1. Looking at (1) in contact (Cβ under 8 Å) with a residue 12 or more places away in the chain; (2) within 14 Å of GLY132 (Cβ to Cβ), which is the only condition PRO80 fails?
2. Can you work out which of the residues in the range 131-154 that are part of a helix (DSSP H, G or I), over 20 Å from LEU62 (Cβ atoms) and hydrophobic (A, V, I, L, M, F, W, C) is modelled with the lowest pLDDT?
3. Between a residue in the range 12-41 that is in contact (Cβ under 8 Å) with a residue 12 or more places away in the chain and within 15 Å of VAL135 (Cα to Cα) and any residue that is in a helix (DSSP H, G or I) and among the charged types (D, E, K, R), which pairs come within a Cβ distance under 6 Å, given they are 6 or more apart or on different chains?
4. Got at least one residue in the range 39-60 being at pLDDT below 95, in contact with a helix residue (DSSP H, G or I) (Cβ under 9 Å, 6 or more places away or on another chain), within 18 Å of SER25 (Cα to Cα) and in a helix (DSSP H, G or I)?
5. With the checklist (1) surrounded by fewer than 19 Cβ atoms within 10 Å (Cβ to Cβ); (2) touching a helix residue (DSSP H, G or I) at 6+ places or on another chain (Cβ under 8 Å); (3) over 19 Å from PHE60 (Cβ atoms) in hand, flag the one item PHE113 doesn't pass.
6. Being among the acidic types (Asp, Glu), more than 16 Å from LYS45 (Cα to Cα), in contact (Cβ under 8 Å) with a residue 12 or more places away in the chain and surrounded by 20 or more Cβ atoms within 10 Å (Cβ to Cβ) is true for just one of ASP139, ASP126. Which residue is that?
7. Would you please list the contacts, defined by Cβ atoms under 6 Å and residues six or more apart or on different chains, that run from a residue in the range 54-71 that is closer than 19 Å to LEU144 by Cβ to a residue that is modelled with pLDDT of 95 or more and outside any helix (DSSP H, G or I)?
Amino acid sequence: MRPRAPDLLRSPAMACAFGLGAGLSPKAPGTVGTLLAIPLWWMSKGLGTVPYLVLASGGFILGIWACNQAMSIVGQHDHPGIVIDEVVGYFAALVVVPADPAWLILSFILFRFFDILKPWPIGWLDRNIGGGFGVMLDDLVAGLFTALIVLVFL
């Protein structure tokens, strides 16, 4: 099934999983979904580390539920339009990123590199952990790798 905008309006889980429509992008929905994390980061960056991580953890849990529901509706595991995993994974990475465009661009490139190429253990997680948890987990690890590299540069 190729979801359309009306499908997202009928299901809160689909709306969440498809990044409020970002996943409907005909080109590079994962990249568009990753971009969705930036305004969320911008609004949340003044919260402090612990509240920020609580928010990211809540997004991860919400993402598991939304992915499971959406995969059931579309009948496909990790449909390309499901982008909540990119949103939450990159949002988690941004916890360490300074409010500077150069760091934002570097972290974006690093996250997309890890998400697309899936080096070990990201690829292993992607292939071996099922359901919504698996969909979310590999992107969270990509975000953690991104954050670690940014911290090394900092």
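The values are calculated or read from the model by the stated rules, or taken from the named source; none is laboratory data. Keep in mind it's a predicted model, so treat the numbers as computed, not measured. Here the Cβ is made from the backbone with ideal geometry for all residues, glycine too, and neighbour counts use every protein chain on show.
1. (2)
2. Out of the qualifying residues, it is PHE153.
3. From residues that are in contact (Cβ under 8 Å) with a residue 12 or more places away in the chain and within 15 Å of VAL135 (Cα to Cα), the pairs are MET14/ASP7; GLY30/GLU86; GLY33/GLU86; THR34/GLU86.
4. No, the range 39-60 contains no residue that is at pLDDT below 95, in contact with a helix residue (DSSP H, G or I) (Cβ under 9 Å, 6 or more places away or on another chain), within 18 Å of SER25 (Cα to Cα) and in a helix (DSSP H, G or I).
5. Of the numbered conditions (1) surrounded by fewer than 19 Cβ atoms within 10 Å (Cβ to Cβ); (2) touching a helix residue (DSSP H, G or I) at 6+ places or on another chain (Cβ under 8 Å); (3) over 19 Å from PHE60 (Cβ atoms), the odd one out for PHE113 is (2).
6. Criteria check complete, one pass: ASP139.
7. So the pair list comes out as CYS67/ILE82.
Results for (1) at pLDDT 95 or above; (2) within 13 Å of ILE38 (Cβ to Cβ); (3) within 12 Å of the chain's Cα centre (by Cα), shown as yes or no for each residue.
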residue: GLN69; (1), (2), (3): yes, no, no
residue: GLY75; (1), (2), (3): no, no, no
residue: ALA99; (1), (2), (3): no, yes, no
residue: ALA102; (1), (2), (3): yes, no, no
residue: ILE129; (1), (2), (3): yes, no, no
